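**Student:** Dropping a structure here in structure tokens format, bear with me for questions.
Every number here is computed from the coordinates shown, using simple stated rules; none is lab data. Computed from a prediction, not measured in an experiment: that's the story for all the values here. Every residue, glycine as well, gets a Cβ built from its backbone with ideal geometry; the counts of neighbours run over all protein chains shown.
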Amino acid sequence: MNNKIIIIVVSILITIGVYFYAQKGQSTDQNANTLSHTDIQLVNPDRFDELAKIPETFVLDVHTPEQTHIAGTDAFIPYDQLKENQSKLPQDKTTPILLYCRSGSMSREATQTLASMGYSTIYDLEGGTQTYREQRVGVLLQPDSQDLGTVIYGDIAKTTFTLTNNTPQPLNITKVSTSCGCTSASVERESLKPYESTTVNISFDPAVHKDDTDLGDLTRTIFIETDNLDFPKVTAEITATVVKK
């Protein structure tokens with residue numbers, strides 16, 4: 001009788017063991033299958049900037065502790081807290097994710113986590129912000145040009161640029177001007193710490209002169225002057241086609 005009980009217990013334990021082993025194998029296969037369908041690419045700073053300009057790209061800083069973000073970053077989530085903060089990530093798993101940390105080690109780990117979560121296109125900034133800033137020293141006004149499209153005479157078009165102090169020294173903005181009275185520009189902050197950014201607000205009013213001066217295809221320039229002797233002035237442009245109703 002005792003032998004029968006032992007045999008039954010052993011059989012049950014073996015069955016349970018086989019079941020869980022199969023489940024584990026299935027889970028491993030699923031994870032491997034997910035990773036195999038994920039496109040993970042290392043990108044240099046130039047490629048990073050190109051991808052960041054694409055509206056569909058989601059730019060993510062995963063460095064912890066939190067650092068000064070690269071201009072245009074959409075979210076900050078520590079590399080080891082991605083699954084807990086999935087609500088902050090794009091719901092569409094085909095959305096390209098462009099991520100970075102300070103040196104590249106945390107972002108490398110984050111790529112694997114994002115892949116296991118089902119994201120199919122992941123870009124990782126090689127060398128992180130250290131390499132990015134070494135190759136991007138300067139005062140940057142981005143993008144360098146924006147097209148406002150068709151603007152109706154009498155309407156006011158607005159847009160923004162990002163000014164970044166990508167130097168190891170504090171920066172003071174000494175003057176903001178434009179090439180024409182139809183365009184006004186202002187900065188949200190006049191003093192920036194190293195690697196900080198601020199927004200430049202632009203307003204374009206083609207009817208300000210109350211004549212036909214600002215009709216047709218136009219280009220206007222924004223000038224920002226600073227106290228950095230190496231980068232005393234930066235510029236950007238807006239373009240527009242102005243028409244009357």
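**Student:** Among Y195, Y123, which comes first, second and so on when ranked by fewest other beta-carbon atoms within 10 Å?
**Tutor:** Placing the least packed residue first, the sequence is Y195, Y123.
**Student:** When a/c is below 1.5 the answer is rounded, else prolate if a/b is larger than b/c, else oblate, so apply that to segment 102-245 with a ≥ b ≥ c taken from the square roots of the Cα gyration tensor eigenvalues.
**Tutor:** Details: a/c = 3.48, a/b = 1.63, b/c = 2.13.
Oblate, since a/c reaches 1.5 and b/c is not below a/b.
**Student:** A further question on this structure: Rounded, prolate or oblate: which fits segment 36-134, taking a ≥ b ≥ c as square roots of the Cα gyration tensor eigenvalues, rounded meaning a/c under 1.5, else prolate when a/b beats b/c?
**Tutor:** rounded
**Student:** Just to be sure I understand the model, the point goes 7 Å from the Cα along the line to the Cβ. What's the resulting T174 to Q67 distance in nm?
**Tutor:** My value for the distance between the label points is 3.1 nm.
**Student:** Which ³J(HN,Hα) values in Hz, rounded to whole numbers, follow from the phi angles of segment 46-59 under the Karplus curve 6.51 cos²θ - 1.76 cosθ + 1.60, where θ = phi - 60° and Gly and Pro get x?
**Tutor:** Along segment 46-59, the couplings run 5, 5, 4, 4, 4, 5, 5, 6, 6, x, 6, 6, 9, 9 Hz.
**Student:** Here is a further query. Scan around T64 for amide H atoms under 5 Å from its own, H built in the peptide plane at 1.01 Å from N, and keep only partners 5 or more places away or cross-chain.
**Tutor:** Amide H neighbours of T64, under 5 Å, 5+ apart: Y79.
**Student:** Show which aspartates and glutamates lie in cross-link reach of K244 when reach means a straight Cα distance below 15 angstrom and same-chain residues fewer than eight apart are skipped.
**Tutor:** Straight-distance partners of K244: D155, D205, D211, D212, D214, D217.
**Student:** How many nm separate the modelled label positions at K244 and S87, each set 7 Å beyond the Cα in the direction of the Cβ?
**Tutor:** Those two pseudo-labels are separated by 5.4 nm.
**Student:** Which order do V242, V137 fall in if you start with the one that has the fewest other Cβ atoms within 10 Å?
**Tutor:** V137, V242
**Student:** For the residues I77, I152, I222, I54, what sequence is obtained by ranking on other C-beta atoms within 10 Å, fewest first?
**Tutor:** I54, I152, I77, I222
**Student:** Follow-up question, since we're still on this one. Could you give the length gained on full extension between V187 and T150, defined as 0.36 nm per residue of separation minus the Cα-Cα distance, in nm?
**Tutor:** 10.8 nm
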